[in-house]
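The next block holds one structure in the form of structure tokens; read it before the comments.
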């Protein structure tokens, strides 16, 4: 009777394919947008401070100026944090291209487009909001690009 090599071969195949499924999120992170330049920065937010205390609660966002292209919007999704550039993603940088937080949306003052702060998407728009990386360590929220 012939010896079966099916099981060991199956395990070998699994070990060969496993690295394909292991991928660092930072390697797959893409935030390119033709309207918004890439700026390197690192911002640490202490949610214990009164100015950022609302970030402890789900569905609250905060606009933080002087980072990225037009400021950064940080948002508590309930299961973590999202951070986006406050520049309108479908507009060239201009006087009206800074978005504001309105509840669970960011609103572009150039064309009144609303973008979900849960996803960064806006129906009918070509580009979503430009996302930034977020790390949380206790009450410190680090946003960086």
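Here, each number is a calculation from the coordinates, and none is a lab measurement. Since the model is a prediction, treat every value here as computed from it, not as a measurement. Reconstructed Cβ throughout: ideal geometry from the backbone, glycine too, with neighbour counts over all protein chains shown.
Quote to one decimal, in nm, the extra length available between residue 30 and residue 58 on full extension: 0.36 nm per residue of separation minus the C-alpha distance between them. Walk me through the numbers on the way to the answer.
Values: separation 28, 0.36 × 28 = 10.08 nm, distance 2.54 nm.
That works out to 7.5 nm of additional length.
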At a 10 angstrom cut-off on C-beta neighbours, averaged per residue, how do the peptides 100-113, 30-43 rank from highest to lowest?
100-113, 30-43
Note the full-extension length gain between residue 111 and residue 42 as 0.36 nm times their separation in residues minus their Cα-Cα distance, in nm to one decimal.
21.9 nm
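Dividing the convex hull volume of the Cα atoms of region 33-144 by its residue count, what figure in Å³ per residue is obtained?
So the per-residue Cα hull volume is 91 Å³.
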For residue 94 and residue 142, compute 0.36 nm times the residue count separating them, minus their Cα-Cα distance, and round to one decimal in nm.
14.5 nm
